[in-house]
Ligand code: ASP
């Protein structure tokens, strides 16, 4: 139906007779002549309908789908648009066919839009016509192709794993699918193919990958989706360094096609979890700017300032950041203190460094000259710098300062790509008085003895990949010894019977010569989103859900027929029976 796409129409096309097909992007009239911007998936060409050939009344509205046939000619002088690849030329239309008319649009098809996201999602097929969204889709496709090519070249096999499975524990709730043949029994949708990829290692697959869909019913935090795509990897006879090297290769290949402007030196820098928490107060530091957290506990070791002395005496810390030359009004100080409190800290001490004078601060009078001098020196303070200090339990101080740092800092170069590895995560953490895993329960500890005797101090052989403060993915060296695997469940307080019932089938496989193995999973949509510089993965996923899990296009989730429920042996409790999809 067409001889060319829009991007193929250039200055050299002058004189050619071509057929184009696409959508009416814009239409203008000048003295009876109709100028139409014809858009397809590659770009825009101006097509011109002279009054002698077409009546002015030719009915073309925005987003009509049309086909035009005619000759490419140079635009008259002064009418050129060097910003468009076809900007020097236009088509003199000889034939026009309206392939399909369009109704009035709910929002204009333009990159800049103030349409509500809900409306954009309801008319996603129109939203995706916006050139920026089309570029996102194209970038996603290029990234997919690059991942597959890179991994295939590295002798990985793409193996599909089932989506109707028994639950895999990854820390979220399962999405369940009832079984019609076994009323009352449910499949879970995989939170990840974790157990299956490990079974593939036992099965002798040497290098596995899969572009896989994962499903996690999480409380809706910003920018999470119920379903998302991962680049899932696993390798036999692999250790941590093998995983990091392979993931670097894949991710750098994607970065180099989506962001050819950036040179990224490999191997990527590594921080331990302990270092990341101490310097940045988070396990996913944004290192596009400094403002690192400094420990000041030794500076105040003998302080007479009661507030600090009490905290230090009870095992806490004093830490601070140099927020640089920011304005520090009373109101600003109050706002920062309120934020610190909201994030769990008992308070926040602020100081403004002055030349030849002690810092300006409500607490300066409680601190000795030596303390103030060493504090300013430790923080690299120069006149005008604002220093912010938190005295608290270590975790609270770190996290509060980490959030303040993100709040107050700005990247030196917002376009730069700062990848890094965070390694040596703890095996477990305490949540509501219970011990639970940090990564997932199949992660190997560095030291089994220590894990058993002091689980909360135990270090895992796990690692995260971080880009510009965003966690792109996680992985670990796995447990391949059934006994260690049992112990992990024990430490997590899962009774033996329950562990047997839920995971016995997997532990059994480890008894048949399981090779040492390790792996990783990269959040694919998130990787593409950060590389494209968009703030939400919903801009990258073709048909995403809203933040409350709704799909406004088809209005799902939706109630189902009573017969369907009866077949599945399901009765919905009355309170919930009238499920209506919500925005
Ligand atoms: N299954 C893990 C996840 O989805 C990744 C891994 O350990 O390979 O986060």
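Helix-only estimate, please: 222 nm mean residue ellipticity of the chain, summing -39500 (n - 2.57) across DSSP H runs of length 4 or more and dividing by its residues, to the nearest 500. The partial results should precede the final answer.
Details: 16 runs with 165 residues, N = 583.
Helices in the chain give a 222 nm mean residue ellipticity of -8500 deg cm²/dmol.
May I ask you to compute the full-extension gain from residue 301 to residue 206, defined as 0.36 nm times their residue separation minus their alpha-carbon distance, rounded to one decimal in nm?
Full extension of this stretch gives 28.8 nm more.
With a Förster radius of 51 Å, plug the Cβ-Cβ distance of residue 221 and residue 83 into 1/(1 + (r/R0)^6) and report the FRET value to the nearest 0.05.
Numbers: r = 40 Å, r/R0 = 0.78.
Once the sixth-power term is evaluated, E becomes 0.80.
For a footprinting-style exposure proxy, rank 168, 272 by other Cβ within 10 Å, fewest first. Could you put the intermediate results ahead of the total?
Values: 168 22, 272 15.
Fewest-to-most ranking of 168, 272: 272, 168.
Can you sort 284, 339 by how many other beta carbons sit within 10 Å, fewest first? Please report the intermediate quantities before stating the final value.
Details: 284 18, 339 15.
Least crowded to most crowded, the residues run 339, 284.
Using a 7 Å offset from Cα along Cα-Cβ at residue 408, what residues in the range 300-342 end up with backbone N under 13 Å from the label point?
Counting only backbone N, you get 319-329, 332-340.
When the Cα centres of the range 104-140 and the range 170-206 are compared, how far apart do they sit, in Å?
So the separation of the two Cα centres works out to 35 Å.
Going 7 Å from the Cα of residue 33 in the Cα-to-Cβ direction, what parts of the range 42-77 have a backbone nitrogen less than 16 Å from that spot?
46-56, 71-77
Using Cα pairs under 8 angstrom and six or more residues apart, how large is the relative contact order of the chain, in percent? The partial results should precede the final answer.
Values: 1107 pairs, mean separation 76.8, N = 583.
Relative contact order comes out at 13 percent.
How many nm is it between the label spots at residue 512 and residue 99, if each spot is 7 Å from the Cα in line with the beta carbon?
With each label placed 7 Å out from Cα toward Cβ, I get 5.4 nm.
How high is the relative contact order of the range 165-235? Use alpha-carbon pairs under 8 Å, at least six apart in sequence, and give a whole percent.
Numbers: 119 pairs, mean separation 21.6, N = 71.
Here the relative contact order equals 30 percent.
Quick one: length gained pulling residue 497 to residue 415 fully straight, 0.36 nm per residue minus the C-alpha distance?
Full-extension gain reported as 24.3 nm.
Hey, rough spin-label estimate for residue 164 and residue 241, points 7 angstrom out along Cα→Cβ, what's it come to in nanometres?
It is 4.6 nm.
Which order results if 382, 396, 443 are arranged by neighbouring Cβ count within 10 Å, fewest first? Provide the component values of the computation, followed by the final result.
On the way: 382 12, 396 19, 443 22.
Starting with the residue having the fewest Cβ neighbours, the order is 382, 396, 443.
If the label point is 7 Å along Cα→Cβ of residue 65, which residues in the range 90-111 have backbone nitrogen under 11 Å from it?
Residues 99-102 fall inside that zone.
Cα atoms only, the chain: Rg and Dmax in Å?
29.9, 94
Tell me, what is the percent relative contact order of the range 310-383, built from C-alpha pairs under 8 Å that lie six or more residues apart? Please report the intermediate quantities before stating the final value.
Working: 49 pairs, mean separation 18.2, N = 74.
This gives 25 percent for the range 310-383.
Rule-based calculations on the coordinates, nothing more; no lab input. Note that this is a predicted model, so its numbers are computed, not measured. Neighbour counts are summed over all protein chains in view; Cβ atoms, including those assigned to glycine, are modelled from backbone coordinates with ideal geometry.
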